[in-house]
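Notes follow the structure.
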Amino acid sequence: MPEKTLEVENLTVSYFIKNRFVDAVKDLSFNLVTGEILGILGESGAGKSSVGWAVMRMIDPPHRVTGRIVNRGQDVMSMNERELGEYRWRRAAMIFQTAMNSLDPVSTVGKSFRRLLLDKQIAGTGSEAKSMVGELLDMVGLTPLVADMYPFELSGGMKQRVLIAMALAARPDVLIADEPTTALDTLTQFSILNTILDLRRSEKIGSMIFISHDLSVQAFMADRVMVMLKGRMVELGSKEDVFDKPAHPYTQFLMQSLKFSSDNIRQAEVGGRNGGKGCPFVQFCAHAMERCHQEFPHTTSLSATHSVACYLYGE
């Protein structure tokens, strides 16, 4: 049985906005096992990125994160600063949604790389770091010449490959990719996605959380898919479960939108706000019952691989 690299239980992320807490993620639970890619699918505002930030312990007061996050038996929520320094990059790394603008514009790629490798003690000496830079660039399909280039000299696809290589420098247990190809053209996007899959096949990537609003990208990348709406998980299953046998009315709605349009999920946004007591899809659901307005349903298992949070199933 595959080992769990990450266990998330009852995760709630609340942002302090205008003198009150607003829940971006509400009571979310899932596991990540060795070698798998878990796709988190949902429209803008679903809470996808907040899940990644919470797993990385990057949400600071006055904002609030509650619940349990465990990496290979160690409680991430109770880590001190030293332990967090070890956890980030070495055990969990993240490629951020705005990452292509995060490279130091006045440093060459090689200098930025070496700084990271030495600061995180991934390399012990400057010469070791320099050698590792070449190996890491080669791993993502870039030549060693890129090390001498500045960010402004790189295409969007090259920048993204550099950032993937940086994230994988310490071979973390968990790689979180937050919309890593959104700003890229279709051909470059496809090339980057194939590079990620090649790295997974060669075991350069342990486990991965792949965050994207794009249904076609999730269908291409993910082994399992978690569907989120307004901070809630409404469905979780294998890629085949979710795409071929969608159970939640919201997931069914998304799959219908995929059939009628090649554009992304943002054209199918259902609106509304996070934080209501009932199902976040209730205003748009043809099957809505009175209790759908009152309380969010418990998760019901449809099979060993497929679960849904909907009153149409179970009791």
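Each reported figure results from applying straightforward, stated rules to the coordinates on display, with no laboratory input. None of the values given here were measured: they were computed from a predicted structure. FYI the Cβ positions are ideal-geometry reconstructions off the backbone, even for glycines, and counts take in every protein chain you see.
Quick notes
- Working from Cα pairs under 8 Å separated by at least six residues, relative contact order for the range 9-51 is 36 percent.
- Total formal charge among the other residues, if their Cβ is under 13 angstrom from that of PRO62, Lys/Arg +1 and Asp/Glu -1: +2
- Springs join every pair of Cα atoms under 10 Å in this Gaussian network model of the chain, and among GLY110, GLY126, GLY42 the largest mean-square fluctuation is at GLY126.
- Rounded to the nearest 20 debye, the dipole magnitude of the range 107-165 is 160 debye, with +1 charges on Lys and Arg beta carbons, -1 on Asp and Glu beta carbons, and the Cα centre as origin.
- Set of lysines near LYS4 by C-alpha distance (under 20 Å), chain-local residues within fewer than 8 positions excluded: LYS204, LYS239
- Shape box of the chain [Cα atoms, principal axes, largest first, Å]: 66, 45, 44
- Anchor LYS277: lysines whose Cα lies under 16 Å away (excluding residues fewer than 8 positions away in-chain): LYS26, LYS230
- Top of GLN74, GLN218, GLN97 by mean-square fluctuation, Gaussian network on the chain, Cα under 10 Å: GLN74
- Net lengthening on full extension, ASP185/HIS298 (0.36 nm per residue, minus Cα-Cα): 36.7 nm
- Ordered by the number of other Cβ atoms lying within 10 Å of each residue's own Cβ, fewest first, VAL65, VAL162 fall into the sequence VAL65, VAL162.
- Model label sites at GLU3 and THR34, defined 7 Å from Cα along the beta-carbon direction, differ in position by 0.4 nm.
- Rg/Rh, computed from the Cα trace of the range 12-75 with Rh as the Kirkwood radius, has the value 0.98.
- Isotropic mean projected area of the C-alpha convex hull, the range 158-253 (nm²): 6.7
- Cα convex hull, the range 158-211: 68 Å³ per residue, rounded to a whole number.
- Residues CYS310, CYS279, CYS292, ranked from the fewest to the most other C-beta atoms within 10 Å, line up as CYS292, CYS310, CYS279.
- The coefficient of translational diffusion for the range 185-225, derived via Stokes-Einstein from the alpha carbon Kirkwood radius under 25 °C and 0.890 mPa s, stands at 227 µm²/s.
- For the chain, the relative contact order works out to 21 percent when only alpha carbon pairs closer than 8 Å and six or more residues apart are counted.
- Proximity of backbone amide H atoms, modeled 1.01 Å from N, is registered between GLY39 and PHE210, ASP223, ARG224, VAL225, MET226 at under 5 Å, excluding neighbours fewer than 5 places apart on the same chain.
- By the count of neighbouring beta-carbon atoms within 10 Å, fewest first, TRP53, TRP89 end up ordered TRP53, TRP89.
- Rg and Dmax over the alpha-carbon atoms of the range 107-165 stand at 10.6, 31 Å.
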